[in-house]
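**Q** First the structure, which I've put down as structure tokens, then a few questions once you've had a look.
Bear in mind these aren't lab numbers, they're just calculated from the coordinates by the rules spelled out. Everything numeric in this text was worked out from a predicted model, so none of it was measured. Ideal geometry is used to build each Cβ from the backbone, glycine not excepted, and the neighbour counts take in all protein chains shown.
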């Protein structure tokens, strides 16, 4: 795995608009390299790849059944502007 150099840390700090002192740069170089070493250890492990349908939680239909309700008169009481069984709303452009 490629190692992080001081130039890389300085470039990342510049792009992040972070000002670092020279001793901080060397500290970050060692910390980033140790993090990358941990990733290489994880990558070297022989792990089975999960199938695309593996899930940690059993997924089931959590929605309730649709029940039809007729509410013709309930909404018409709220709206003063109506025409027959239709409600009139202001024009929105």
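**Q** Restricting attention to the range 16-29, report how many residues are under 26 Å from residue 42 (Cβ atoms) and exposed (fewer than 10 other Cβ atoms within 10 Å of the Cβ).
**A** Result for the range 16-29: 1.
**Q** How many residues does the range 3-54 hold that are touching a residue at least 24 places away in the same chain (Cβ under 8 Å) and in a loop (DSSP other than H, G, I, E, B)?
**A** Residues meeting the conditions: 3.
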